[in-house]
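Trainee: Encoded as structure tokens, here's the structure I'll be asking about.
The values are calculated or read from the model by the stated rules, or taken from the named source; none is laboratory data. Remember, predicted model here, so these are calculated numbers, not experimental data. Side chains included, ligands, DNA and RNA excluded: accessible areas come from the protein's heavy atoms. Shrake-Rupley method; radii C 1.70, N 1.55, O 1.52, S 1.80 Å.
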Amino acid sequence: QVQLVESGGGLVQPGGSLRLSCAASGSIFSINGMGWYRQAPGKQRELVALITSGGITNYADFVKGRFTISRDNAKKTVYLQMNSLKPEDTAVYYCNADIRAYGSWFANYWGQGTQVTVSS
């Protein structure tokens, strides 16, 4: 069964850095786009960053110049390097990916979410 498992969340001070990881596992034939979303209490879930299978990236305006998305296809893992963190970055961060499992076609998957708290 295909799943996405996130790690790296936690508490960090304003101006600090944090790196999130999300590893896909299961009977996987292929992974296309991967991305990170976040949701703060009382707010809608929003796109943070996307990366294609070829490594092309796109970022939300509020993280440009601060966050970097990358992936390791051999490890089936996507990363989000977060620098210059602000209190407003506090949210649950979710990993997302389009994955083709053996014996199936492409489907969209979500991780369970990992809490990022930016506070002094």
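Trainee: For segment 1-43, calculate the relative contact order in percent as a whole number, restricting contacts to Cα pairs under 8 Å that are 6 or more residues apart.
Mentor: Working: 33 pairs, mean separation 17.5, N = 43.
In percent, rounded to a whole number, it is 41.
Trainee: Continuing with this model, one more query. Compute a Gaussian network model of the chain, connecting alpha carbons closer than 10 Å, and tell me which residue from Pro14, Pro41, Pro87 fluctuates the most.
Mentor: Pro41
Trainee: With springs only between Cα atoms under 10 Å apart, run a GNM on the chain and tell me which of Asp98, Asp72, Asp89 wobbles the most.
Mentor: Asp72
Trainee: Tell me, what is the percent relative contact order of the chain, built from C-alpha pairs under 8 Å that lie six or more residues apart?
Mentor: Values: 297 pairs, mean separation 43.6, N = 120.
For the chain, the relative contact order is 36 percent.
Trainee: Same structure again: How do Tyr59, Tyr93 rank by accessible surface area computed with a 1.4 Å probe, from largest to smallest? Intermediate values should be presented prior to the final figure.
Mentor: Working: Tyr59 60, Tyr93 0 Å².
Accessible-area ranking of Tyr59, Tyr93, largest first: Tyr59, Tyr93.
Trainee: As a test question: what accessible area, to the nearest 10 Å², does Phe67 have when a 1.4 Å probe is rolled over all protein chains in place?
Mentor: Rounded to the nearest 10, the figure is 10 Å².
Trainee: If you take every DSSP beta bridge whose two residues both sit in the chain, what share of them, in percent to the nearest 5, is antiparallel? Write out the running numbers ahead of the final one.
Mentor: On the way: 42 of 45 bridges.
Just about 95 percent of them are antiparallel.
Trainee: Shifting gears a bit: Taking only Cα atoms and a 10 Å spring cutoff, compute GNM fluctuations for the chain and point out the largest among Ser27, Ser53, Ser17.
Mentor: Ser27
Trainee: In Å², what does the accessible area per residue of the chain work out to with a 1.4 Å probe?
Mentor: Result: 53 Å² of accessible area for each residue.
Trainee: Below 8 Å, C-alpha to C-alpha, sequence gap of six or more: please give me the relative contact order for segment 45-107 in percent. Don't skip to the end; give the middle numbers.
Mentor: Details: 49 pairs, mean separation 11.7, N = 63.
About 19 percent, as a whole number.
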